[in-house]
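The values are calculated or read from the model by the stated rules, or taken from the named source; none is laboratory data. It should be emphasised that the depicted structure is a prediction, and the values quoted were computed from it without experimental measurement. Methodologically, a virtual Cβ is constructed for each residue, glycine included, from the backbone with ideal geometry; neighbour enumeration extends over all protein chains shown. The accessibility values were calculated without ligands, DNA or RNA, using every heavy atom of the protein model including side chains. Shrake-Rupley method; radii C 1.70, N 1.55, O 1.52, S 1.80 Å.
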Amino acid sequence: MKKTTVISFLCVLLTAFLTVFFAPREGKFRYQFYEGKPWQYGLLTAPHDFPVYKEASEIEAAKDSIRKKFEPYFRFNDDEERVRLEEWSLHKSMLSERGVPATTLDYIDRSLTTVYRAGIASAADLGNMKKGNRQRINVLTNSMSEVRNLSAIHSVKTAYQTIIDKAPSAVKKDRLSECNVNEFLAENLMYDAETSAKVLDDRLQQLPLSNGMVQAGERIVDRGEVIDGHIYSILRSLKTVYETKSGGSQRHNVIFIGQFILIFAVMICFGFYLKTFYRKIFYHYKDLAFILLCLLSTCLLSEICVKYSLLNIYILPFAIVPIVIRTFFDSHTALFTHLVTTVICSLTALFPYEFLLLQFMAGVVVVISLKDLSQRSQLFGCSLLVAVTYAVVYLSLALFQESSFVKINWDMMLYFGINFILLMFSYVLIYILEKIFGYISPITLVELSNINAPLLKRLSEEAPGTFQHSLQVSILASEAAQKVGANSQLIRTGALYHDIGKLYHPVYFTENKQSGMENPHDKLSYKESSQKVIAHVAEGVKLAEKAGLPKDIIEFIPTHHGNGYTKAFYNAFRNEFPDVPVSTDEFSYPGPNPATKETALLMMADSVEAASRSLPEYTDVSIKGRIDKIIDGQISDGLLNKAPLTFNDIAVIKGVFLERLKTIYHTRISYPELK
């Protein structure tokens, strides 16, 4: 196996590995079901015992009910009460000596005992209980718990006020106030946050999460049966149990093996497809890397969105893959890459069959609408058609499955709208990819071939003869390109720019000389004249690079003469100085020779068009003879050795040139002489 083949397949396998590595590991439930819809599969029985889980909303409602009815825990602090009562006893003796009546002191004794037994809590804790609409609390004394009404619990302030307000008539309030009872009131009920949280958590944990059990072998649903609420709960519970059991490292390893085999099989098939039908892409690392990068980035984006529930998968612009690939390659490569991408992404999609159908239709619409891509406005039209296709196919599929407009998920229309907006960014993405990978799109070629482009406009004004020559060459070359399977738009644009170097000194080229103008070559030696003509290649490259022309267009400038030489000056020198040794290197162009069909075609078209201008008469025989002489000479000089052209291609090209030149020069039939 060739080294290049091994490297290309390694790139394909690396893409597959990265795709598998980032794929979700959760096992997928095999069935798709919707409440109120018929069951589309055969008889389903319970594979094992499992509980019928409550819905999350139902569980949350039950938890909220427990939290609302929960009675928090407070703990008695006997130490604080004892200290304050001891202080009261001492103070009571002093009050008795001052003449405070015994009835008043006895009343305070009874009142302090009563309020302390009822419980005194902090105003903040009582406020929090009231905010939570608590009616009762649990009071902990040692290890015993007693439920008390919150209304019976005092704060220091309310306890004092109660003692004052409930004083009997025999107790005078002015003497009662002199006793400073409030100084002997303290909080003896403390909120026990730890116990409260623990008890509440225990009760929440004890909340049943299921409504009964389904026994192994029990019938669940059969084909055609409408899924009601009860059946839906059972199916949802079975799915939950299945996905829960798919957790764990061992289970994940098994899932990884399955994903590995599936994705590697798909990618290996994709690699062999490219190797068999598109060898130029498969063995050209930049092109292969570009296509694999498009595939990988789309798969990773969809896997991340599904794994972390970031976006609905239908928001992702999967159709951007065939749009981008079609822009730089052909429709078949674009569609097949799109299909491979969507097949891999469907392994993580929630509804794989629906997903595949939608993406397949979108891919077909892309390659059809962009069959003849020449304007950027076509990208907008393509994006709009994709969005319409998504909507129509989804609605048709939903009506087929739901049999009702009511059950259609209209949110999908919003997702398709966002998808359309994201697809519009393909306009910008294509421009960025052109710069990064050095590609040139048909749109850019059309824009560059506009005769109002800066360089072409300057060429038409400063070197009109060269401009007309370039137009004729572009016509010849592009028509021949269509016949031999070359890129006609690329060669048309390249032909318009191949002679822009003649802007440096237009008068040194015959086509730009006007009537009565002195020939500047008359004052130069043959070698100097040759160098002046040869210089237009290097100058053309400089102008093209300065103007930011793509590399594929610049390539036509040094290759349209290849390593050929200026035969007119070379032959004239040899004829005038037959005894002076001279090498063709002194009269040769720097090259290189053309290595593609397009550059080779331009070399032939350029030479044939220029040479045809000097014919004394234009007949089928004279034009054909000149074409044969020029092209056969280039072949014999070895200028076309690297070009991927067959003898049949050469014959077809000659035929196209002949027909086109006959049309240009309006050849007439050559009448025989009377003998």
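When the helices of the chain are scored as -39500 (n - 2.57) per DSSP H run of n ≥ 4 and the total is divided over every residue, the value at 222 nm lands at -20000 deg cm²/dmol. In order along the stretch 83-98, the Karplus-derived 3J(HN,Hα) couplings, from 6.51 cos²θ - 1.76 cosθ + 1.60 at θ = phi - 60°, round to 4, 5, 5, 5, 5, 5, 4, 5, 5, 4, 4, 5, 5, 5, 5, 7 Hz, and Gly and Pro are given as x. Among 567, 157, the order of accessible area from largest down is 157, 567, computed with a 1.4 Å probe on protein heavy atoms. Report in % the part of the accessible area of the stretch 348-490 that belongs to carbon and sulfur, leaving out ligands and nucleic acids; probe 1.4 Å. Roughly 67 percent, rounded to a whole number. In this Cβ point-charge picture (+1 for Lys and Arg, -1 for Asp and Glu), the stretch 79-215 has a dipole of about 580 debye about its Cα centre. For a Förster distance of 22 Å, can you work out the FRET efficiency between the beta-carbons of residue 300 and residue 14, rounded to the nearest 0.05? Between residue 300 and residue 14 the formula returns 0.95.
Computed with a 1.4 Å probe over protein heavy atoms only, the accessible area of residue 536 comes to about 10 Å².
Note on residue 446 and residue 145: their simple-model spin labels are 7.9 nm apart, each label 7 Å out from Cα toward Cβ.
In whole Å, what is the distance between the alpha-carbon centres of the stretch 142-167 and the stretch 479-513? Their Cα centres are 104 Å away from one another. Given R0 = 25 Å, the distance between the Cβ atoms of residue 61 and residue 309 translates into a calculated FRET efficiency of 0.60.
Extension gain for residue 391-residue 35 works out to 125.9 nm (0.36 nm per residue, less the C-alpha to C-alpha distance).
Relative intensity of the stretch 13-131 on a log10 scale, I(q)/I(0) at q = 0.13, 0.15, 0.20 Å⁻¹, equals -0.88, -0.98, -1.22, per a Debye sum over C-alpha point scatterers of equal strength in the absence of solvent.
Note: relative contact order over the chain, using C-alpha pairs below 8 Å and six or more positions apart, is 12 percent. Here's the picture: a label point sits 7 Å out from the Cα of residue 90 along the beta-carbon direction, and within the stretch 166-184 the residues with their amide nitrogen under 19 Å of it are 179-184. Calculated FRET efficiency, residue 535 and residue 571, Cβ-Cβ r, R0 25 Å, to nearest 0.05? Efficiency, rounded to the nearest 0.05: 0.80. Taking 0.36 nm per residue of separation and subtracting the current Cα-Cα distance, fully stretching the chain between residue 152 and residue 209 would add 16.8 nm.
Here the simple spin-label model places points 7 Å from the Cα toward Cβ, and for residue 613 and residue 175 these points are separated by 13.7 nm.
Share of antiparallel DSSP beta bridges in the chain, in percent to the nearest 5? Among the beta bridges of the chain, antiparallel pairing accounts for roughly 75 percent.
How much length is gained on full extension from residue 510 to residue 360, taking 0.36 nm per residue of separation minus their Cα-Cα distance?
Full extension of this stretch gives 48.3 nm more.
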